[in-house]
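The values are calculated or read from the model by the stated rules, or taken from the named source; none is laboratory data. Worth saying up front: this structure is predicted, and the values here are computed from it rather than measured. Backbone-built Cβ (ideal geometry, glycine too); neighbour counts: all protein chains shown. The area values use the complete protein model at the heavy-atom level, side chains included, leaving out ligands, DNA and RNA. Shrake-Rupley method; radii C 1.70, N 1.55, O 1.52, S 1.80 Å.
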Amino acid sequence: MNKLITIERHFVEEQKRSPHATGELTDLLYDVAFAAKLVRREVVRAGLVDILGMAGTTNVQGEEVKKLDLFANEKIISAIGQHGRFAIMGSEENEGTIVPPKNESGKYVLLFDPLDGSSNIDVNVSVGTIFSIYRLTGDNPQKADINDCLQKGLQQVAAGYVIYGSSVVMVYSSGHGVHGFTYDPTIGEFLLSHENITTPKRGKYYSINEGSWQQLHDPTINYINYLKEEDEETGRPYSTRYIGSLVADFHRNLLTGGVFVYPATKKHPNGKLRLMYEANPLAFICEQAGGRATDGKERILDINPTELHQRTPLYIGSENDVRIAEEFEQGKR
Ligand code: P6P
């Protein structure tokens, strides 16, 4: 019988790898896992209670916000902020930074997308929470400000996501590999189900919104056409898989191999996805699993952020596939 390892037990074991660890990061990850359980409880019953539908407001991206987005956002801020372990937070749903309700000793920064892909909630398609943890740049939590949030992705100390799908899985890395935990509602625990996830060097799926074909620039068109060509030696044509929920598309490609592409388009000249809330945490996970993530020219984790909600083109997944995509984007193919 497989050992039943809860995510909390795993956090503690991971902490033992760092002899100087104070346990504070472990506590933060506890809080994130707890918040994920609260969000899961509502997401899985969304069809049963009047929590669906437009909340009538729009978020900073100008997108309609559904009630579940608001709920997830509020739960994460309150469930995590109450322990005073984070000095400052940023949410994809909030324009500015958030100083947690209780900010005493926190030396960490939390950035999160509370419920990505929320336009899929009403049709029971997987959605996800994405999170990213950095250390404060200074040593005084009271002086934490937006500059503590605008750090390069390679400064992350931990990152992960929760996918609310046919099962609820939390995937995280604190720099020692990528590990997945499946929620068991009978005991209310996330149990280790995917230890040391490594992503195949080359996949068989590509994920892009083909409906944007007229919006694409030539290098991207050339790349997608390359993937559609018949070539047995390189496993082409690839199959297209596009759910329209980043966490779901990323998670499938992480496990099976493949490449997700949301490029710069005529409509989104800097891409649509957010650097700090989506690209950086997933790039951290992807690289820890042996994959690659770039904006077509630069490694995502090396991008120097200038704005909290800045967008970036994103090519992420199997290393060889992303490298080929880069060659097309850079005109080398
Ligand atoms: P499009 C969902 O709104 C989201 O932010 C991601 O989860 C998803 O990958 C992307 O946008 C889908 O965008 O333009 O293809 O509908």
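Within the stretch 75-151, which strands (runs of 3 or more DSSP E) (wholly inside it) include 1 or more residues that are open to solvent by 60 Å² or more (accessible area, probe 1.4 Å) and touching a strand residue (DSSP E or B) at 6+ places or on another chain (Cβ under 9 Å)? Here the list reads 127-135. Can you name the condition, by its number, that residue 270 falls short on among (1) open to solvent by 70 Å² or more (accessible area, probe 1.4 Å); (2) of a type in the set (S, T, N, Q); (3) in the same structural domain as residue 131 (by TED's automatic domain parsing)? Result: residue 270 passes all but (3).
Being outside the structural domain of residue 123 (by TED's automatic domain parsing), in contact with a helix residue (DSSP H, G or I) (Cβ under 7 Å, 6 or more places away or on another chain) and either open to solvent by less than 30 Å² (accessible area, probe 1.4 Å) or under 23 Å from residue 197 (Cβ atoms) (or both) is true for just one of 253, 280. Which residue is that? Going through 253, 280 in turn, just one is outside the structural domain of residue 123 (by TED's automatic domain parsing), in contact with a helix residue (DSSP H, G or I) (Cβ under 7 Å, 6 or more places away or on another chain) and either open to solvent by less than 30 Å² (accessible area, probe 1.4 Å) or under 23 Å from residue 197 (Cβ atoms) (or both): 280.
When the residues of the stretch 237-256 are filtered to those that are of a type in the set (Val, Ile, Thr) and part of a helix (DSSP H, G or I), the one that is nearest to the ligand (Cβ to nearest atom) is 247.
Scanning the stretch 193-209 for residues that are away from the ligand (no atom under 16 Å from the Cβ) and either over 30 Å from residue 34 (Cβ atoms) or assigned to a strand (DSSP E or B) (or both) yields 193, 194, 200, 201, 202, 203, 204. Within the stretch 272-309, track down each residue that is away from the ligand (no atom under 16 Å from the Cβ), without any contact (Cβ under 8 Å) to a residue 60 or more places away in the chain, not in a loop (DSSP other than H, G, I, E, B) and not basic (Lys, Arg). Across the stretch 272-309, the qualifying residues are 287, 294. Of the residues making up the stretch 210-233, those that are of a type in the set (A, V, I, L, M, F, W, C) and assigned to a helix (DSSP H, G or I) are 213, 221, 224, 227.
If we scan the stretch 169-192, do we find a residue that is open to solvent by less than 70 Å² (accessible area, probe 1.4 Å), within 16 Å of the ligand (Cβ to nearest atom), assigned by TED's automatic domain parsing to the domain that holds residue 124 and touching a strand residue (DSSP E or B) at 6+ places or on another chain (Cβ under 7 Å)? Yes, the conditions are met somewhere in the stretch 169-192. Within the span defined as the stretch 313-322, every residue fails to be farther than 20 Å from residue 242 by Cα and of a type in the set (A, V, I, L, M). From the list 12, 39, 43, 49, the one residue that fits, being farther than 26 Å from residue 308 by Cα, out of contact with any Gly (no Cβ under 9 Å at 6 or more places or on another chain) and at pLDDT 85 or above, is 43. Taking the criterion of being under 14 Å from residue 263 (Cα atoms) and open to solvent by 60 Å² or more (accessible area, probe 1.4 Å), the only residue of the stretch 310-326 that qualifies is 311. Given the structure, is residue 332 modelled with pLDDT of 95 or more and more than 20 Å from residue 253 (Cβ to Cβ)? Yes; evaluated as a whole, the condition is true for this residue.
How many of the residues in the stretch 286-313 are closer than 27 Å to residue 145 by Cβ and not charged (D, E, K, R)? I'd like the intermediate steps shown before the answer.
Here is the first cut: in the stretch 286-313, the residues closer than 27 Å to residue 145 by Cβ are 295, 298-312.
Those left that are additionally not charged (D, E, K, R): 300-301, 303-306, 308-310, 312.
Total meeting the criteria: 10.
Within the stretch 233-251, residues that are more than 18 Å from residue 164 (Cβ to Cβ) reach partners that are buried (at least 16 other Cβ atoms within 10 Å of the Cβ) and among the small types (Gly, Ala, Ser) with beta carbons closer than 9 Å, at six or more positions or on different chains, in the pairs 235/203; 238/203; 238/258; 239/258; 240/207; 241/207; 241/258; 242/207.
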